[in-house]
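Before any comments, here is the structure.
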Amino acid sequence: MTHLFFFLTVALYCCATIAYLACIIRTSPLLTCWTARLLTGGFTAHLLSTIHLAVKMKYLPLTNMQESLSFFSLAIVGAFIFFDRKYKVTTLGSFVVPVALLMLVASSSLHAEVRQLPPILQSNWFWIHALLAFASYAFFTIAAGIAVMYLIQRYFLKTKHFGALFQKLPSLETMDEISYRCLTAGWPLLTIAIISGSIWSEKAMGSYWIWDRKQTWSLIIWFIYAALLHGRITIGWRGKRAAILSIIGFIVVLFTFFGMKHSITW
Amino acid sequence: MNIIVVGLSHKTATVEIREKVAFSPNQIEKPLTALINLDGIIEGVIVSTCNRVEIYATTRDIAGGTARIKRFMAEYHHLPFETIEPHLYSFHAEAAIRHVFRVASSLDSMVVGEPQILGQIKTSYGYAAEFKSSGIILNRFLHKAFSVAKRVRTETKIASSAVSVAFAAVELAKKILGDLSDKTIMLIGAGEMCELAAKHFLNSGAKGVMVTNRTFERAVRLAEEFGGEAVPFESFLDHLHRADIVLSSTGAPHCIIGPKDAEEIVRKRRFNPIFFIDIAVPRDIDPKVDDVENAYLFTVDHLQEIVQANLAQRNLEAAKAEEIIEQEIGQFHKWLSTLEVTPTIVALRNRFDEIRRAEIDKTVSGWKDLPPEAEKRLESLTIAIMNKLLHTPTSVLKQAGQGGRVDLYIDAIRQLFELESLQRNDEELELEE
């Protein structure tokens, strides 16, 4: 059953990715409409498969790389659907949906094992921590996608190239607003995630902060986005500088997610 | 029944001629009534815009009808026929259908793809419908033209891009500033292009205008016109940060806004983007302003480039539109040709005969020892009934054929007896609007 949902999700995300890429080349309201429907279908299948897995395993599927990647992908698509509903930014899909697809495919290629959950993970603080962390990562992914689009659009405006992609990309103002919303949603989520993580750490290991690599890098991410948000609110940082910083932030997120294992192993 | 088109447009006549033959919408009833009272003209619609004056009519006599309408256009405006005759064009049959479809789809417009013409034809048709000068054929014909225009609009990108410098500026501003409804414009200097662009920005929802000019009175006058605020030229830089869109066209011999100013302004704006348009020659705004982050500078040449590219795109799209029109002409022409007396009578007879044969076959096949004599009698009996039944409608139809509104009868008969399955879905859709 989980497999069925999973393959359905991969198939639908694949179709949606192709459709979103096609949207860059072709303009057609019908295509845009069906592309969004494909993705919503994929998201529904993905959500059902995750719920099904959670019910079967009796825990949230966030405990290893495979489960986390799939959840990361789910969160990205969810966040994108939210922004697409609000701002009608089909082109953003062309940038982030392929990323979600890649993550999902990577997650299935990793080895899955059925196992007993280690006691260290059997804490509510851990679930809160993981859930919120992925929610914030999803917003940062969207922010990075928007930042890439912003830089492309800015390049077109500065070099006076007004091609088809220029027409497709949303206005600088819209992208700026989405980016700001991602920050104001992602950063508080990350803050709570880090706090709940440290509480979990205290419960599980007896210390709030153990300076392991994952914790340290999470803190670096927190500082990057805090700086971005601070600069935005106080000085009005936006445009190119903010875009570059969002991309750097996202690279660090990816690096932390893939490269940094907790020093504690389970 | 034939559709004819007589008229003149920007392609055949100068504005001096066009304005002489224009029909005022305030008193359109008079010419419409006069038009359908012309000998041999059955229905008529008058389309009169600043770029074209055209009459669509139906008649049985193409040559006579066309000539009479041409005369009518001159006589109605008390003009000597010779002055307008060389500018007039006329079409009939397929060419007339094609012409009206192309006009409605804005393929014949001065700026291909401009959206006004469809509305203008709709209004003209509204008058004709109100004063009952259009009948079944022109009603169907114009609704078809509207649906063709809609198809062209949705299936091609003919009207999707700006083709004037002012519009290009608005489109570009939207790409930078998004929604223009809370944005402010600053006009530096005066000039036709600047004012036109400002009007376009205000029409697109821009909130406020600031005007500055070397002669302050002029700034005040212009500000009043736009409902904006006049700013002294000496201190306009101090107000520039309040503007999101800056339109500049002074006669200054050197640049009046440099990169240092732009940097300062952007900082004051808390790095909100600002959009400069420099229309002046020599330039008012230093090209280096474009290097300032969050400042975007465009000159008239850039806007012109966009317009040229859009025009080229439109012409490509126009080819697609012509294809759509060709398809639709075929369909409409088919319907039109069914509105003739003889084919209708034939179709009606065939229909009756079909039913008669079917019933006879049913009866005969179930009747085992039917003598051949009886079968013959049965045959002639049913034929006699059929002929009697058809006699009156046929003669009424033939008589009506000599007079005016035969198409009403024909259309009714065709619908009552389902003589042709007509494609009317698209027309009905259009009627609902």
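Each value in this text was obtained by applying a stated rule to the coordinates, not by laboratory testing. Keep in mind that this is a model prediction, so the values were computed, not measured. Here the Cβ positions follow ideal geometry from the backbone for every residue, glycine too, while neighbour counts run over all protein chains shown.
Mind listing which trypsin sites (Lys or Arg not before Pro) in segment B:68-129 are in a DSSP loop and have 13 or fewer other Cβ atoms within 10 Å?
Details: sites: B:ARG68, B:LYS70, B:ARG71, B:ARG98, B:ARG102, B:LYS122; in loops: none.
Listed in order of number, the matching sites amount to none.
In debye, nearest 20, what is the charge dipole magnitude of segment B:78-155 about its Cα centre with +1 on Lys and Arg Cβ and -1 on Asp and Glu Cβ, if you could check?
Working: 9 positive and 7 negative charges, 98 e Å.
It comes to approximately 460 debye.
Using a Förster distance of 41 Å, how high is the FRET efficiency between B:LEU79 and B:ASP301, based on the Cβ-Cβ distance and rounded to 0.05?
My answer for the efficiency is 0.40.
If you split all Cα-Cα distances of segment B:86-163 into 10 Å bins from zero, what percentages do you get per bin, shortest first?
Reading the bins upward from 0: 18, 47, 30, 5.
Can you work out the Karplus-derived ³J(HN,Hα) for every residue in segment B:325-336? Use 6.51 cos²θ - 1.76 cosθ + 1.60 with θ = phi - 60°, whole Hz, and x for glycine or proline.
Taking θ as phi minus 60°, the curve returns 5, 4, 4, 6, 4, x, 4, 5, 4, 4, 4, 4 Hz for segment B:325-336.
How many nm separate the modelled label positions at B:SER337 and B:THR394, each set 7 Å beyond the Cα in the direction of the Cβ?
Computed distance between label sites B:SER337 and B:THR394 equals 2.4 nm.
Consider a paramagnetic label point 7 Å from the Cα of A:THR159 along Cα→Cβ; state which residues of segment B:303-334 have an amide N under 20 Å from it.
Zone members listed by number: B:303-307, B:309-310.
Could you estimate the translational diffusion coefficient of the protein assembly as shown from the Stokes-Einstein equation, with Rh from the Kirkwood formula over C-alpha pairs, at 10 °C and 1.306 mPa s, in whole µm²/s?
Working: Rh = 31.6 Å.
Taking Rh from Cα pairs, D becomes 50 µm²/s.
Can you give the % of DSSP beta bridges in the protein assembly as shown that are antiparallel, to the nearest 5?
45
Semi-axes of the equivalent ellipsoid for segment A:113-223, please: Cα gyration tensor eigenvalues, times 5, square-rooted, ordered largest first, whole Å.
Details: eigenvalues 310, 39, 25 Å².
So the three semi-axes of segment A:113-223 are 39, 14, 11 Å.
In Å, what is the Rg of the alpha-carbon atoms in segment B:165-306, and how long is Dmax?
Cα only, segment B:165-306: 13.4, 35 Å (Rg, Dmax).
For segment A:121-266, what relative contact order do you get, as a whole percent, if you take Cα pairs closer than 8 Å and at least 6 residues apart? Kindly include the intermediate steps, with their values, before the conclusion.
Details: 146 pairs, mean separation 49.8, N = 146.
Computed value for segment A:121-266: 34 percent relative contact order.
Report P(r) for chain B: all Cα-Cα distances, bin width 20 Å, range 0 to the bin holding the largest distance, values in whole percent.
21, 36, 27, 12, 5, 1
What is the log10 of I(q)/I(0) for segment A:175-215, computed with the Debye formula using one identical point scatterer on each Cα and no solvent, at q = 0.13, 0.14, 0.20, 0.21 Å⁻¹?
-0.39, -0.43, -0.63, -0.66
Convert each backbone phi in segment B:378-392 into a coupling constant with the Karplus relation 6.51 cos²θ - 1.76 cosθ + 1.60 (shift: θ = phi - 60°), then list the ³J(HN,Hα) values in order as whole Hz, x for Gly and Pro.
Here the 3J(HN,Hα) series is 4, 4, 5, 4, 5, 4, 4, 4, 4, 5, 4, 4, 7, 4, 5 Hz.
Which percent, nearest 5, of DSSP beta bridges in chain B are antiparallel?
Rounded to the nearest five, the antiparallel share is 45 percent.
B:THR299's amide H: which non-local residues (gap 5+, or another chain) put their own amide H closer than 5 Å, with H modeled 1.01 Å from N in plane and none for Pro or chain starts?
B:ASP278
So what's the Cα pair-distance distribution over chain A, bin width 10 Å, in %?
Each 10 Å bin holds this share of Cα pairs: 7, 29, 33, 22, 8, 1.
How high is the FRET efficiency from A:PHE82 to A:SER108, r the C-beta distance, R0 25 Å, rounded to 0.05?
Numbers: r = 25 Å, r/R0 = 1.00.
The value I calculate is 0.50.
If one computes the Cα centroid of segment A:232-257 and of segment A:27-64, what distance in Å separates the two points?
Cα centroid to Cα centroid, the span is 28 Å.
What spacing in nm lies between the two simple spin-label points modelled at B:ALA93 and B:ASP238, each 7 Å away from Cα in the Cβ direction?
About 7.7 nm separates the two model spin labels.
Can you pick out the pairs among A:LYS168/B:LYS175; A:LYS160/A:LYS240; A:LYS86/B:LYS157; B:LYS150/B:LYS174; B:LYS144/B:LYS334; B:LYS157/B:LYS334 whose Cα atoms lie more than 19 Å from each other?
A:LYS86/B:LYS157; B:LYS150/B:LYS174; B:LYS157/B:LYS334
Please turn the phi angles of segment A:86-102 into ³J(HN,Hα) values with the Karplus equation 6.51 cos²θ - 1.76 cosθ + 1.60 (θ = phi - 60°), one per residue in order, whole Hz, x for glycine and proline.
7, 10, 6, 10, 4, 4, 4, x, 5, 9, 9, 5, x, 5, 4, 4, 4
From other protein chains only, count the Cβ atoms within 10 Å of every residue's Cβ in B:263-269, then give the mean. Mind dumping the intermediate values first?
Working: counts 0, 0, 0, 2, 2, 1, 1.
Per residue, the average neighbour count from other chains is 1.
Based on the Cβ-Cβ distance of B:LYS260 and A:THR191, what FRET efficiency does E = 1/(1 + (r/R0)^6) give at R0 = 56 Å, to the nearest 0.05?
Values: r = 40 Å, r/R0 = 0.72.
Once the sixth-power term is evaluated, E becomes 0.90.
Could you give me D for segment A:1-117, from Stokes-Einstein at 37 °C and 0.692 mPa s, where the hydrodynamic radius is the Kirkwood radius over C-alpha pairs? Units µm² s⁻¹, please.
Values: Rh = 14.5 Å.
Estimated via Stokes-Einstein, D reaches 227 µm²/s.
Determine the shielding of peptide A:157-165 by partner chains: average, over its residues, the number of Cβ atoms on other chains within 10 angstrom of each Cβ.
Working: counts 9, 6, 1, 10, 0, 10, 1, 1, 0.
That average works out to 4.
Between B:THR123 and B:ARG221, 0.36 nm times their residue separation minus their Cα-Cα distance comes to what?
Values: separation 98, 0.36 × 98 = 35.28 nm, distance 3.61 nm.
Additional length available on full extension: 31.7 nm.
Over the C-alpha atoms of segment A:201-241, what are the Rg and the largest Cα-to-Cα span, Dmax, in Å?
15.0, 44
Averaged across the residues of A:166-173, what count of C-beta atoms belonging to other chains lies within 10 Å of each residue's C-beta?
Details: counts 3, 5, 0, 1, 2, 9, 9, 11.
Across A:166-173, the average partner-chain Cβ count within 10 Å equals 5.
Which number comes out as Rg/Rh for segment B:2-160 once both Rg and the Kirkwood Rh are worked out on C-alpha atoms?
On the way: Rg = 14.6 Å, Rh = 15.5 Å.
Using only Cα positions, Rg/Rh for segment B:2-160 is 0.94.
Neighbouring Cβ atoms within 10 Å as the yardstick, rank B:CYS50, A:CYS15 fewest first. It would help to have the intermediate numbers written out before the result.
Working: B:CYS50 13, A:CYS15 17.
Sorted ascending by nearby Cβ count, the order is B:CYS50, A:CYS15.
Check the straight Cα-Cα distances from B:LYS70 and name the lysines below 18 Å, setting aside those fewer than 8 residues away within the same chain.
B:LYS11, B:LYS20, B:LYS30
Ranking A:CYS23, B:CYS194 by Cβ neighbours within 10 Å, fewest first, what do you get?
Details: A:CYS23 19, B:CYS194 23.
Ranked by crowding around the Cβ, least crowded first: A:CYS23, B:CYS194.
Could you check how many percent of all C-alpha pairs in segment A:43-191 are farther apart than 19 Å? Before the final figure, lay out each step's value.
On the way: 6306 of 11026 pairs.
Counting every Cα pair in segment A:43-191, those more than 19 Å apart make up 57 percent.
So who's got an amide H within less than 5 Å of the one on B:MET210, skipping anything under 5 residues away but keeping other chains? H placed 1.01 Å off N, in plane.
B:ILE185, B:MET186, B:LEU187, B:GLU229
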